[in-house]
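Presented below is the structure to which this report refers.
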Amino acid sequence: MIYWLFLAASIALEVVGVLLLNHASQTNATSTMMVMYALVIASYFLLSKAVKRASLWALPMLCGKAQASC
């Protein structure tokens, strides 16, 4: 269950980071860019925690085999 929360938080941080990217390009503010970078880094960290549990289920489908030995 906690992994779904990590995924939701990752998506939310990514959306806020992209919105800040638009704002930073208009205002040319360095501090906004730093916050945006921090949010994107946090988003990728939470995404890595979220897919930790679900990383193996897609491997057989990607390989087109029933076994995960590709």
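May I ask you to rank 48, 31 by accessible area, largest first, using a 1.4 Å probe over the protein chains only?
Sorted descending by solvent-accessible area, the residues read 31, 48.
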Checklist entry - So what J values fall out for segment 42-51 if you push phi through Karplus, 6.51 cos²θ - 1.76 cosθ + 1.60 with θ = phi - 60°, rounded to Hz, Gly and Pro as x? => result 5, 5, 5, 5, 5, 5, 5, 5, 5, 8
Next on the checklist: Modelling each spin label as a point 7 Å along the Cα-to-Cβ direction, I'd like the residue 16/residue 1 distance in nm, to one decimal.
Outcome noted: 2.4 nm
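The values are calculated or read from the model by the stated rules, or taken from the named source; none is laboratory data. Since the model is a prediction, treat every value here as computed from it, not as a measurement. When we count neighbours, we look across all protein chains shown, and the Cβ atoms used for this are built from the backbone with ideal geometry, even at glycine. Just the protein is used for accessible areas: all its heavy atoms, side chains included, with ligands, DNA and RNA removed. Shrake-Rupley method; radii C 1.70, N 1.55, O 1.52, S 1.80 Å.
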